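Where a number appears in this text, it was derived from the coordinates with a stated rule and is not lab data. Just so you know, these numbers come straight off a predicted model, no measurement behind them. Counting neighbours? That spans all protein chains shown, and the Cβs are built from the backbone with ideal geometry, glycine included.
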Amino acid sequence: MIKYLRSMTGFGSALFETEDFSVHVEMKSVNQRYLEVQFHMPHALSALEVRLRRTISETLSRGKVDVYISYRCKKKALQRVMLNEALAKEYSTALDRLSELLKMERCKDVHTIASYQDVLLVEDMDAPKGLEEIIFEALQFALNRLDTMRQEEGAHIGEDFLERMDRLQDYTDQLESIAPNLAEHYKQHLMEKIHALLLDTSVDEARLLQEVAIYADKVDYTEEIVRLHSHFNQFHEIICEEKGPCGRRLDFLLQEINREANTIASKVNNAEAAQIVVLIKSELEKIREQVQNLE
């Protein structure tokens, strides 16, 4: 049973309402080699970023995570409007000069000057007391939802792994059953070639056995089969029992399995065995694509 695998893809959100505040937190995560957290929130909350990041890292270890935080204070404004008096006067003076230059009537409308850039500035006020606690409650709730989704996706991936591992075990068993017959097939092939080339069908049996022995040694992949079975067992143990992040370990293990498959492919000169190796490598590629999604 898959209990601990986590995907790096997930989503979680939370909306917390109190008499004083309304806080909304949304979190999205996708694949990333390391943990990367990007915050999208009002400037007034900047002082909380270090603690927010630490809270997230206690649950997540890998993935690119985007965190969106917004809030509303129900009892008072959280922003104030600042007037740039010096700039407003400069605009007014410039408009007076422009009116004289163009011989056009000067419109004395304060709204016109107020609409010019940087005359009126909207400034965030410091976060009011009590807001910080609500934000962290909402963050933890959204984080738990995100983590639950990543666990569910990880379980689906793990079940797929188990099915593909069963196929790999079957393919490896087939290779193991073929191995003892490779030397005999080679001997028959050699005999057929000799009889086809020579009118005298007498064959130096000792020389033939020597050639067959050399060939059998070259194509022997018993060690690779043993290592493959060992790697499969390790892979199974990791996805079923490993409690921490294991994506990198699984990726490394797949590289080792692929290396053994390549070694077998380089040794065999048998169509059936070669086809089985192709099937093994195809399954490995599908597993590796999924492993990239794991934490």
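Spatially, the range 222-295 and the range 7-58 are offset by 37 Å when compared through their Cα centroids.
Past the 28 Å Cα-Cα mark, which pairs from Lys3/Lys64; Lys28/Lys281; Lys64/Lys243; Lys243/Lys286; Lys3/Lys267; Lys64/Lys286?
Values: Lys3/Lys64 23 Å; Lys28/Lys281 33 Å; Lys64/Lys243 21 Å; Lys243/Lys286 23 Å; Lys3/Lys267 39 Å; Lys64/Lys286 23 Å.
Cα-Cα > 28 Å for Lys28/Lys281; Lys3/Lys267; rest within.
When a/c is below 1.5 the answer is rounded, else prolate if a/b is larger than b/c, else oblate, so apply that to the range 79-124 with a ≥ b ≥ c taken from the square roots of the Cα gyration tensor eigenvalues. Verdict is prolate for the range 79-124. With 0.36 nm allotted per residue and the present C-alpha distance subtracted, the Ser70-Asn144 stretch has 24.8 nm of extension available. Spacing of the modelled spin labels on Arg227 and Leu83, each 7 Å from Cα toward Cβ, amounts to 8.0 nm.
Looking at the range 80-162, which chymotrypsin sites (Phe, Trp or Tyr not before Pro) are DSSP coil and have at most 16 other C-beta atoms within 10 Å of their C-beta?
Details: sites: Tyr91, Tyr116, Phe136, Phe141, Phe161; in loops: Tyr116.
When the chymotrypsin sites (Phe, Trp or Tyr not before Pro) of the range 80-162 are filtered for loop state and at most 16 Cβ neighbours within 10 Å, Tyr116 remain.
Distance between the 7 Å Cα→Cβ label points at Glu36 and Thr18: 3.5 nm. Note on Arg167 and Phe11: the model spin-label points, each 7 Å out from Cα along the C-beta direction, lie 3.0 nm apart.
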